[in-house]
Amino acid sequence: MGRKRVAVIGAGVCGLSSIKCCLDEGLEPTCFERSGDIGGLWRFEENPEEGRASIYRSVIINTSKEMMCFSDFPIPDDFPNYMHHSKIMKYFRMYANHFDLLKYIRFKTIVVSVTKRPDFSTTGQWDIVTETAGKQESAVFDGVMVCTGHHTNAHLPLDSFPGIEKFKGRYFHSRDYKKPQEFSGKRVIVIGIGNSGTDLAVELSHTADQVFLSTRRGAWILGRIGEEGYPMDTIYITRYLEFLKRIVPLCLLNYFAEKKLNAKFNHAIYGLQPNSLHGVILQHPTFNDDLPNRIISGKVLVKPNIREFTETSAIFEDGTREEDIDVVVFATGYSFSFPFLGDCAKVIKNQVSLYKFVFPPQLEKPTLAFIGLIQPLGAIMPIAELQGRWATRVFKGLNGLPSASNMMADIAQKREEMAKRYVKSQRYTIQMDYIPYMDEVACLAGVKPKLLSLFLMDPKLAVEVFFGPCTSYQYRLRRPGKWDGARKAILTQRERIIKPLKTRVLDDYTGALVPYYLQIFLIVALLTVTFLLLTFLCNQLCISFS
Ligand SMILES: Cc1cc2nc3c(=O)[nH]c(=O)nc-3n(C[C@H](O)[C@H](O)[C@H](O)COP(=O)(O)OP(=O)(O)OC[C@H]3O[C@@H](n4cnc5c(N)ncnc54)[C@H](O)[C@@H]3O)c2cc1C
Ligand SMILES: *[C@@H]1O[C@H](CO)[C@@H](O)[C@H](O)[C@H]1NC(C)=O
């Protein structure tokens, strides 16, 4: 028997890592990419291409470099923590070149259909029809990895906005937004308070006459910058916090998280507070450091949902009305579909039934895998990579899957958990928790770090694994797929975070000092007050007892 042939559909980040996973497992990958280059969504073009996601000129990623990099290929230490799309592309090109992935990609080739072969129940093989320059071709594959992304089709819910057909101004989906210049001096409404909506509102507000940000539910706004200026995701994605989440009651966690977020600016006063029962921990936050600044400068005004449009104005659900609107941007998210797959994976209301978000449970053979079809509270790249490592092992028969009914039960249970936690919305159908999900897939692939033995054998490393940011190198500490550089990468991750900031190196500066005599005075004062307070309390107690 020859090497198993795997078709990888799409050469975005998920496609690239999938090609590498195939190579690592000794499979023979062929990647089909409809455009002429790698990178998918992250390759900026002035004009949106059909069938490929599209971003605007200024996009900066919201996941920091140590949290988003592939697990055996750290991002160069001098790259900034949050990268512009051009830098991200640079990294992906380095990755593709380093592991020599380009020669497996057939560019300008669209996958038209993927169908089971007649003998599928015994071979698990697929017929794949592709089209290159108008010419169709067919080939047989032993496995398929679908890496076509889920930010391609604009979700434009015009039905929910009566009167939009009368509206005389311009309106379009955020997918078609590229740069702010053409909107200078205009009155703009941005609908939707997700990452795209807030990004666009902030960017437009620098040149527009006025920006209105309309939201149905509000959102918690997180900054990219966390304590002491460390990237936010390196602070909140840790095993230690995950552990706390499991033992501390949810209401307490929410209480403290809200208090913390509101300490920066009060979400209620700023009109942003989500008007649901869902606390911070339970909601997909929006990342934006500049929004509060634009709001307090009056350049962005937060408004409720729009009830209807007239020819020139918008009437909001609270009855207020804004006149002379020139432009409406719908930052209302995306929907996904797999037109080439036919019945093998039906998408209903943006939901597909997939075991661990990867395998359709009802196929006779597990030879079809979806990679990156998730909405994590963290970066997609390390997840796609782990999914790929697991899927290729399943293709090879090294790991098995449970029975169809058990897989379906697992899917139903996950869905119920999510439904309880998240508001029912297009956005949350493929939502999941980062570390628990990574660990689950890592378990299935047999690569989850063994914390207990790590604490015994290598306490220094264990401390960083448990208390430090949960970076993807952790899943390269043991076989299969062990990377010898993993330990060092974990122990030096903080250095790589700081490195790009060291563009002005300081002499030793110890920080502001409190003079010695003042310190003594403060301590004595504190002790005295405590003593007095205790005496007072004791007296009170004695009185009430006697
Ligand atoms: C504005 C924006 C900001 C984002 N920011 C972040 C972030 O900060 N961090 C993060 O982790 N994620 C972010 N994402 C999510 C993003 O989806 C992922 O980072 C990642 O790009 C997904 O990669 P992918 O390979 O799954 O899909 P894509 O990058 O969309 O690539 C899919 C590829 O498949 C090709 N293709 C599609 N159909 C076919 C076909 N039939 N035949 C052949 N080829 C086909 C396309 O041409 C494309 O190249 C963001 C998304 C958006 C829209
Ligand atoms: C980053 O932004 C993208 C696009 O808006 C979004 O899909 C993703 O969930 C965001 N990431 C995080 C960690 O919030």
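Summary of computed values
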{"quantity": "Whichever residue in the range 472-504 is among the β-branched types (Val, Ile, Thr) and part of a helix (DSSP H, G or I) and, among such residues, is farthest from Met68 (Cα to Cα)", "calculated": "Ile498"}
{"quantity": "Tally, over the range 282-323, of residues that are of a type outside the set (D, E, K, R), away from ligand 2 (no atom under 16 Å from the Cβ) and under 30 Å from Met418 (Cα atoms)", "calculated": "5"}
{"quantity": "Unmet criterion (only one of (1) away from ligand 2 (no atom under 16 Å from the Cβ); (2) farther than 24 Å from Arg321 by Cα; (3) among the charged types (D, E, K, R)) for Asp176", "calculated": "(1)"}
{"quantity": "Residue match in the range 111-120 (condition: away from ligand 2 (no atom under 16 Å from the Cβ), modelled with pLDDT of 95 or more, more than 26 Å from the chain's Cα centre (by Cα) and assigned to a helix (DSSP H, G or I))", "calculated": "yes"}
{"quantity": "Test result for Val111, in contact with a helix residue (DSSP H, G or I) (Cβ under 7 Å, 6 or more places away or on another chain), within 23 Å of Gln387 (Cβ to Cβ) and either open to solvent by less than 60 Å² (accessible area, probe 1.4 Å) or within 10 Å of ligand 1 (Cβ to nearest atom) (or both)", "calculated": "yes"}
{"quantity": "Residue that is away from ligand 1 (no atom under 14 Å from the Cβ), of a type outside the set (Val, Ile, Thr) and open to solvent by less than 60 Å² (accessible area, probe 1.4 Å), where the choices are Ala369, Ala384, Ala404", "calculated": "Ala404"}
{"quantity": "Given (1) in a loop (DSSP other than H, G, I, E, B); (2) farther than 28 Å from Thr132 by Cα; (3) within 11 Å of ligand 1 (Cβ to nearest atom), index of the condition Ile38 fails", "calculated": "(2)"}
{"quantity": "The range 179-190, subset farther than 16 Å from Thr312 by Cα and either in a strand (DSSP E or B) or charged (D, E, K, R) (or both), residue nearest to ligand 2 (Cβ to nearest atom)", "calculated": "Lys179"}
{"quantity": "Pro360 being open to solvent by less than 10 Å² (accessible area, probe 1.4 Å) and either more than 30 Å from Phe287 (Cβ to Cβ) or at pLDDT 95 or above (or both)", "calculated": "no"}
{"quantity": "Among (1) part of a loop (DSSP other than H, G, I, E, B); (2) of a type in the set (A, V, I, L, M); (3) open to solvent by 50 Å² or more (accessible area, probe 1.4 Å); (4) modelled with pLDDT under 95 - the single one Ala419 does not satisfy", "calculated": "(1)"}
{"quantity": "From Ser58, Ser17, residue being over 20 Å from Pro382 (Cα atoms), open to solvent by less than 50 Å² (accessible area, probe 1.4 Å) and either hydroxyl-bearing (Ser, Thr, Tyr) or out of contact with any Cys (no Cβ under 8 Å at 6 or more places or on another chain) (or both)", "calculated": "Ser58"}
{"quantity": "Top-ranked residue in the range 55-73 [being part of a loop (DSSP other than H, G, I, E, B) and in contact with a strand residue (DSSP E or B) (Cβ under 9 Å, 6 or more places away or on another chain); ranked as farthest from ligand 2 (Cβ to nearest atom)]", "calculated": "Ser58"}
{"quantity": "Odd one out for Lys178, checked against (1) in contact with a Lys or Arg (Cβ under 8 Å, 6 or more places away or on another chain); (2) modelled with pLDDT of 95 or more; (3) within 14 Å of ligand 1 (Cβ to nearest atom)", "calculated": "(2)"}
{"quantity": "Gly333, sole failed condition from (1) in contact (Cβ under 8 Å) with a residue 60 or more places away in the chain; (2) touching an Asp or Glu at 6+ places or on another chain (Cβ under 9 Å)", "calculated": "(2)"}
{"quantity": "Considering residues of the range 329-356 that are modelled with pLDDT under 95 and on the phi > 0 side of the Ramachandran plot only, the residue surrounded by the fewest Cβ atoms within 10 Å (Cβ to Cβ)", "calculated": "Lys349"}
{"quantity": "Residue satisfying condition, being under 30 Å from Glu495 (Cβ atoms), at pLDDT below 95 and open to solvent by 50 Å² or more (accessible area, probe 1.4 Å), within set Lys259, Lys264", "calculated": "Lys264"}
{"quantity": "Thr207, sole failed condition from (1) farther than 28 Å from Gln283 by Cβ; (2) within 15 Å of ligand 2 (Cβ to nearest atom)", "calculated": "(2)"}
{"quantity": "Count of the range 456-496 residues which are at pLDDT below 95 and aromatic (Phe, Trp, Tyr)", "calculated": "0"}
{"quantity": "Criterion violated by Ile9 - all others in (1) in contact with a Ser or Thr (Cβ under 7 Å, 6 or more places away or on another chain); (2) under 23 Å from Asn399 (Cβ atoms); (3) more than 8 Å from ligand 1 (Cβ to nearest atom) satisfied", "calculated": "(3)"}
{"quantity": "Any hit, the range 227-234, residues being more than 16 Å from ligand 1 (Cβ to nearest atom) and among the aliphatic types (A, V, I, L, M)", "calculated": "no"}
{"quantity": "Count of residues meeting criterion [more than 16 Å from ligand 2 (Cβ to nearest atom) and surrounded by 20 or more Cβ atoms within 10 Å (Cβ to Cβ)] in the range 1-14", "calculated": "7"}
{"quantity": "Residues of the range 42-85 that turn out to be more than 8 Å from ligand 1 (Cβ to nearest atom), among the basic types (Lys, Arg) and closer than 23 Å to Ser18 by Cβ, as a count", "calculated": "1"}
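Yes or no, residue by residue, for (1) assigned to a helix (DSSP H, G or I); (2) closer than 30 Å to Ala462 by Cβ:
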residue	(1), (2)
Tyr171	no, no
Gly197	yes, no
Ala208	no, no
Arg217	no, no
Leu241	yes, yes
Cys251	yes, no
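One line per residue, one yes/no per condition, for (1) touching an Asp or Glu at 6+ places or on another chain (Cβ under 6 Å); (2) aromatic (Phe, Trp, Tyr); (3) surrounded by fewer than 18 Cβ atoms within 10 Å (Cβ to Cβ):
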position: Met94; (1), (2), (3): no, no, yes
position: Tyr104; (1), (2), (3): no, yes, no
position: Thr123; (1), (2), (3): no, no, yes
position: Phe141; (1), (2), (3): no, yes, no
position: Pro162; (1), (2), (3): yes, no, yes
position: Pro180; (1), (2), (3): yes, no, no
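The values are calculated or read from the model by the stated rules, or taken from the named source; none is laboratory data. Please read these numbers as outputs of a predicted model, since none were measured by experiment. No Cβ is skipped: glycine too gets one built from the backbone with ideal geometry, and neighbour counts run over all protein chains shown. Surface areas here come from the heavy atoms of the whole protein model, side chains and all, with no ligands, DNA or RNA. Shrake-Rupley method; radii C 1.70, N 1.55, O 1.52, S 1.80 Å.
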